[in-house]
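The structure under discussion appears below in the form of structure tokens.
No value in this document is a laboratory result; all are computed from the given coordinates. All of these numbers come straight from a predicted model, not from anything done at the bench. Note: ideal-geometry Cβ built from the backbone for every residue, glycine included; neighbour counts use all protein chains shown.
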Amino acid sequence: MALEKFTYDNKLAKCFANATILWGVVAFIVGLTAAFELLYPSVNLGLQYLTFGRLRPLHTNAAIFAFVGNGIFTAVYYSTPRLLKTPMWSKALGKINFWGWQFIIVLAAITLPMGITTSKEYAELEWPIDILIALVWVAFGANLIGTMIKRRTKHIYVAIWFYIATFVTVAVLHIFNSFEVPVSFTKSYSFFHGAQDAMVQWWYGHNAVAFFLTTPMLGLMYYFIPKAANRPIYSYKLSIIHFWTLIFLYIWAGPHHLLYQALPNWAQALGTVMSIALIAPSWGGMINGLLTLRGAWDKVRQDPVLKLFVVGVTAYGMSTFEGPMLSLKTVNAISHFTDWTIAHVHIGTLGWNGMLIFGMLYWLFPKFYGVKLYSRSLANTHFWLATLGMLFFAIPLYFAGFTQALMWKQFTAEGYLKYPNFLETYVQIRPMHMLRALGGTLYLTGALFAVYNLIMTAKSGKFIRFQEAEAEREVGESAHKGWLNHRKIEGKPVAFTIWALIVILIGGLVEFIPMFIGPFNNHPDVTIKVAPYTPLELQGRDIYVREGCYNCHSQMIRPFRSEVERYGEYSKTGEFIYDHPFQWGSRRTGPDLAREGVKGGKLYKPDSWQYEHLVNPQKTNIQSIMPPYPWLAEQNIDIESTPAKIRVMQTLGVPYPEGYDQTANDDLQKQAHKIAEGLRSGGINVDDNKEIIALIAYLQRLGNMESEVAKK
């Protein structure tokens, strides 16, 4: 059969590689800034746009979608044409993918520091950007599938299986989790409420890790490790088992983020079981990657690319063992809400994602520019800085997590909490946070070495945009039927995509149908009388979301003696029936706020304390690491938005009286005047219409099921 000639175009892969480098440095700088803010709150320079609550989602989005996202597209657009022996199907779709993705990142970098956020972790971007993400993602998927259809090979290599699973699953996750009702161009409320919203969010959140930070990186691993080592992948059979088992099981595991919380026990148990089962396919992938290097360990010791790959795959193995362990209830009771989880996540991000991406870039740039890597010595230095940085980052946080959990749970011989003041815990873990900042500094320094090395590599050569290639167009059936005849489905890319979609939908449907057609769709705790938020409380809640308070405070008291003693009665599902979105949180840098406003009990604080604490936290406790929020006492409540917010809440089923949108601001002003008058009588000069009044109203509502609306 005659050879067909064609051309690979490296421009798109190079553009994504350059974007990976740029946004990687940005993500690391923002993360390091946030780490120092936990040590020294004044690092934000008193600017509302630089507080920890606003920088933290910027950091996570930059790390996941800007750094890793561009790294994924680099791998896809370089490896896919070479694996399928054909150029990408559409250059136009490729350009839309690149420029659209960069535009989304810029919008995130603008909106998140402005406090424009949904508060749903890893999905904080508001609805117009969500629509743009969906459109760009469809362009990417169409280009991928179109390229598979026009391929010259009979079968599809394992790396592309993972790219397909990434496309279909991220599309499903993003669309479903982004169901929201717009209030304005920059504000929306989640379609789901309370426990439903938490279930959907962590189905998305966990699987964003699974299908954005894992499956495409496995595709990268399956292509670049064999290329860098010049050896075939260890086991084709293992790759089949690894792929299908992984994508089937991963989608079920989201509820393990909500153990001991106001979620049905069956959902928690199901998430735990499937998380434990995930060890097998996850380690199957790790083993396949590492054993590809069998017999090549001398080369690994000398080659910084392979060293980065080995540490990256090992970090993947450690993370995917630790994750299932953290899903065990006995372990989760200790780890959840602590820095242990932060350490775990960063082993995956800095180790698995970061090391593989930098290894890929070191391998690609010499190919792009037709030269050797500028400095192998610098690359080795980067490797050690990154490895040490990851360890200095994570190990202290493990100890911080253990310390937090043990101090929170410790009682005296007389039966009282030994450390009733939450800040006592932080004093103990502050040295560990200092070491974490050191680790982040080392990792950033290594990344800057990489930037210099790659720039100098590019300068020493000339970019090779087009690469001529030739290949036979394979037709007919393969003589090799493959394990369990898997070769048949590999030869049918559309059918393969559909089967991958079906496999990932099974777990989601089994978990969600009972949540939406059963009692959790209505009022699960009939003994709890819950009133809608007053207009002032609703505005205060939106300010709470804007300032990112959910990044440091949970609103979920678990049924442990220590938490009930410290915070009050444990949380029930029905309490959150009117919460759009939920605010359960995933970390406690500060105390839980679920019962912050319980009156008549030991947790009640007067409005004056809340005011002083927000304007100057160190005035109420000198050891506080909470930044001041003086602008809350200067900025006016956006009362013009109140009617629209009430109408959207009514659409979502919140039982405000008919026509209440027209009179809601009257009630808002009455309640605001009452709070402000009380503050003024105590010597605090504040106007009725300031945002701090609304936030105080919301904080004092927490734990109080009945409100002013309920009494009407």
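In which sequence would 154, 5 go, from the one with the fewest C-beta neighbours within 10 Å to the one with the most?
Numbers: 154 14, 5 9.
Lowest count first: 5, 154.
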Review point. Once both axes come from the Cα atoms, what is the angle between helix 422-459 and the longest principal axis of the chain, in degrees from 0 to 90, rounded to 10?
Key: 30
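Using 0.36 nm per residue of separation minus the Cα-Cα distance, give me the extension gain between residue 681 and residue 459 in nm, one decimal.
Details: separation 222, 0.36 × 222 = 79.92 nm, distance 6.90 nm.
That works out to 73.0 nm of additional length.
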Check your understanding: So, by mean Cβ neighbours within 10 angstrom, what's the order for 648-654, 74-80 with the highest one leading?
Key -> 74-80, 648-654
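Can you work out the FRET efficiency for the pair residue 564 and residue 5, with r the C-beta to C-beta distance and R0 = 60 Å, to the nearest 0.05? Please report the intermediate quantities before stating the final value.
Numbers: r = 73 Å, r/R0 = 1.21.
So, using R0 = 60 Å, E works out to roughly 0.25.
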Check your understanding: Summing -39500 (n - 2.57) over the DSSP H runs of n ≥ 4 in the chain and dividing by its residue number, what mean residue ellipticity at 222 nm do you reach, to the nearest 500 deg cm²/dmol?
Key -> -19500 deg cm²/dmol
**Study point:** Whichever lysines have a C-alpha closer than 30 Å to that of residue 418, once near sequence neighbours (fewer than 8 apart) are set aside
**Key:** 329, 409, 572, 599, 602, 605, 619
Practice item. Compute the acute angle (0 to 90°) between the alpha-carbon long axis of helix 376-409 and the principal axis of greatest extent of the alpha-carbon atoms of the chain; round to the nearest 10°. Key: 30
Exercise for review: Net charge near residue 118: determine it from the other residues with C-beta under 10 Å of the C-beta of residue 118, scoring Lys and Arg +1 and Asp and Glu -1.
Suggested key: -3
Exercise for review: Place a +1 charge on the Cβ of each Lys and Arg in the stretch 535-701 and a -1 charge on the Cβ of each Asp and Glu, then give the dipole magnitude about the Cα centre in debye, rounded to the nearest 20.
Suggested key: 720
Review point. How far, in nm, would the chain grow between residue 473 and residue 641 when pulled straight, counting 0.36 nm per residue and subtracting the alpha carbon separation?
Key: 54.4 nm
Practice item. Would you list which aspartates and glutamates come within 18 Å of residue 91, measuring only between C-alpha atoms, while excluding same-chain residues fewer than 8 positions from it? Key: 9, 468
Review point. Given Cα pairs under 8 Å that are at least 6 residues apart, what percent is the relative contact order of the stretch 535-701?
Key: 32
Exercise for review: Would you mind checking which residues have amide H under 5 Å from residue 4's amide H? H placed 1.01 Å from N; only 5 or more apart, or other chain.
Suggested key: 471, 472, 473
Revision key, fill the gap. In degrees rounded to 10, the 0-90 angle between helix 215-229 Cα long axis and the longest Cα principal axis of the chain is 30
Check your understanding: Mind ordering 386-399, 455-468 by average Cβ neighbours within 10 Å, highest first?
Key -> 386-399, 455-468
Point to revise | Fraction in percent of alpha-carbon pairs per bin - 10 Å, the stretch 535-701 | key: 10, 36, 37, 16, 1
Point to revise | lysines whose Cα lies under 19 Å from that of residue 95, excluding same-chain neighbours fewer than 8 positions away | key: 11, 14
Revision key, fill the gap. The FRET efficiency for residue 704 and residue 631, from their Cβ-Cβ distance with R0 = 25 Å and rounded to 0.05, is 0.40
Revision key, fill the gap. Check: C-alpha center the stretch 288-307 vs C-alpha center the stretch 605-662, spacing in Å is 56
Exercise for review: Calculate the spin-label point distance for residue 82 paired with residue 421, positioning each point 7 Å from the Cα along the beta-carbon direction, and give it in nanometres.
Suggested key: 6.0
Check your understanding: When the chain is fully extended, how far beyond the present Cα-Cα distance does residue 266 get from residue 609, taking 0.36 nm per residue of separation?
Key -> 119.4 nm
Study note, to complete from the structure: Output ordering of 610-622, 689-701, 138-150 (per-residue mean of other Cβ within 10 Å, highest first) is 689-701, 138-150, 610-622
Study note, to complete from the structure: On the formula 1/(1 + (r/R0)^6), with r taken between the Cβ atoms of residue 622 and residue 512 and R0 of 51 Å, the FRET efficiency rounded to 0.05 is 0.60
